[in-house]
Amino acid sequence: MAAIMLTTMNIPLHTSVWVNSRRKSWCCYASLSQPDRKEIRLGLPSKGRMSADTLELLKNCQLSVKQVNPRQYVAEIPQLSNLEVWFQRPKDITRKLLSGDLDLGIVGLDTFSEHGQGSEDLIIVHEALEYGDCRLSLAIPQYGIFENVNSVDELAKMPQWTEEKPLRVATGFTYLGPKFMKENGLKHVTFSTADGALEAAPAMGIADAILDLVSSGTTLRENNLKEIKGGVVLESQAVFIASRKSMIQRKGVLETTHEMLERLEAHLRAIGQFTVTANMRGSSAEEVAERILSQPSLMGLQGPTVSPVFCKHDGKVTADYYAIVICVPQKALYKSIQQLRAIGGSGVLISPLTYIFDEETPRWRQLLSKLGL
Ligand SMILES: Nc1ncnc2c1ncn2[C@@H]1O[C@H](COP(=O)(O)OP(=O)(O)OP(=O)(O)O)[C@@H](O)[C@H]1O
Ligand SMILES: O=P(O)(O)OC[C@H]1O[C@H](OP(=O)(O)OP(=O)(O)O)[C@H](O)[C@@H]1O
Ligand SMILES: [Mg+2]
């Protein structure tokens with residue numbers, strides 16, 4: 001941790017550092033992009049829903065975060081040299097990427113969209129880390145004047161909303177909320193905000209509608225609220241984000257981004273995929289391959305690997321059997337086994353795949369082109 005302590009103590013004299021004891025995080029109003037900082041900084045969610053799943057994902061990518069104790073906000077990933085992990089609230093991760101105090105981060109797309117506010121300096125490097133699924137959705141009461149209102153259009157057409165008496169919406173999403181209402185033709189709207197338990201606002205008479213995150217829908221139902229057609233502002237899951245400036249200007253950030261992206265993609269691509277090996281009698285590798293390719297569930301990622309199994313008969317080495325290896329998604333597994341058997345496959349072995357490394361990750365190309373490189 002010596003390097004990290006050095007960074008903290010290296011803050012220039014003109015910097016004002018303030019400690020917010022309630023949130024136990026510190027912010028730095030110094031030179032925003034910190035050009036002299038040598039370490040690469042990755043922001044990860046400090047607590048809440050995203051935290052454990054983020055650490056689990058990185059562990060599965062062989063990027064385990066080493067945290068000395070859970071109350072410490074800084075850690076490291078030994079596989080990634082010169083990288084500091086800073087645990088922060090998701091919204092602060094986005095803000096600190098914008099200010100240049102972090103270079104990389106993992107947050108929900110909802111937080112990214114709300115607090116990133118479309119900034120060109122923030123880039124989504126991987127848009128689907130496959131956890132933290134939820135949607136930002138508009139909800140209204142199931143009762144009273146809303147009983148027969150089931151879509152945003154119907155809500156917009158209600159005669160009740162006027163300049164003097166606008167639709168009152170409670171939300172923590174004060175950037176995305178107004179933007180969505182404007183785009184959907186809701187002219188007379190006012191917003192109020194709160195940090196949590198927004199679902200109580202309509203029953204308390206504070207708001208007519210709420211705009212909040214929904215995953216199971218239980219909280220809405222328990223509070224007699226309903227989602228409406230056209231009311232989903234965005235579908236969210238965890239995303240890997242980076243600062244454009246950092247990737248271009250700060251030494252090592254682009255390389256670290258590449259390594260993380262490769263590992264993330266290799267792991268995520270392998271989820272739910274299995275390698276299937278089997279033996280098959282045949283006259284040649286091509287003939288066996290043709291039989292396999294005649295079955296729709298046996299195509300594999302790039303067609304089957306077919307290798308001869310050599311035996312010695314009467315002093316002569318021949319290949320009567322072929323070993324085949326294919327990659328099959330879990331949902332097609334049983335069908336694949338049936339199809340393999342139908343074409344003469346025997347001794348079928350199945351094992352889960354851990355990583356699939358492609359020649360080049362498709363997202364890496366996209367990233368380079370976004371960066372103009
Ligand atoms: N049902 C859900 N409700 C809220 N967030 C969800 C839900 N399902 C997934 N998420 C994801 O988890 C994130 C919330 O994580 P967390 O609770 O750590 O932060 P937070 O509540 O925004 O932080 P804070 O406590 O500072 O408000 C959301 O931004 C979203 O991406
Ligand atoms: O659709 P569901 O599965 O019911 O989840 C949605 C609820 O979860 C979140 O609240 P959280 O638990 O973070 O509490 P808070 O609103 O007080 O922050 C969100 O703000 C919703 O209220
Ligand atoms: Mg919360």
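Ile292 meets all of the listed conditions (1) in a loop (DSSP other than H, G, I, E, B); (2) farther than 19 Å from Thr361 by Cα; (3) out of contact with any Ser or Thr (no Cβ under 7 Å at 6 or more places or on another chain); (4) more than 16 Å from ligand 1 (Cβ to nearest atom) but one, namely (1).
Screening Ser216 on (1) more than 24 Å from the chain's Cα centre (by Cα); (2) within 13 Å of ligand 2 (Cβ to nearest atom); (3) not in a strand (DSSP E or B) shows it passes everything except condition (1). Taken together, the criteria exclude Lys226 from residues that are more than 30 Å from Leu83 (Cβ to Cβ), outside any loop (DSSP other than H, G, I, E, B) and more than 16 Å from ligand 2 (Cβ to nearest atom). Exactly one residue among Gly185, Gly177, Gly205 is at pLDDT below 95, of a type in the set (Gly, Ala, Ser) and more than 20 Å from Asp133 (Cβ to Cβ), and that residue is Gly185.
Scanning segment 191-205 for residues that are surrounded by 15 or more Cβ atoms within 10 Å (Cβ to Cβ) and more than 10 Å from ligand 2 (Cβ to nearest atom) returns Phe191, Ala201, Pro202.
Yes/no matrix, rows are residues, columns are (1) acidic (Asp, Glu); (2) open to solvent by 20 Å² or more (accessible area, probe 1.4 Å):
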residue	(1), (2)
Gln34	no, yes
Arg89	no, yes
Lys96	no, yes
Asp103	yes, no
Ile106	no, no
Asp121	yes, yes
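Going by the conditions given, is Asp208 more than 16 Å from ligand 2 (Cβ to nearest atom), on the phi < 0 side of the Ramachandran plot and open to solvent by less than 80 Å² (accessible area, probe 1.4 Å)? Spelling it out, Asp208 is indeed more than 16 Å from ligand 2 (Cβ to nearest atom), on the phi < 0 side of the Ramachandran plot and open to solvent by less than 80 Å² (accessible area, probe 1.4 Å).
The values are calculated or read from the model by the stated rules, or taken from the named source; none is laboratory data. All values derive from a computational prediction rather than experimental measurement. With ideal geometry, Cβ positions are generated from the backbone for all residues, glycine too; neighbour counts draw on all protein chains shown. Ligands, DNA and RNA are excluded from the accessible area calculation, which covers all protein heavy atoms including side chains. Shrake-Rupley method; radii C 1.70, N 1.55, O 1.52, S 1.80 Å.
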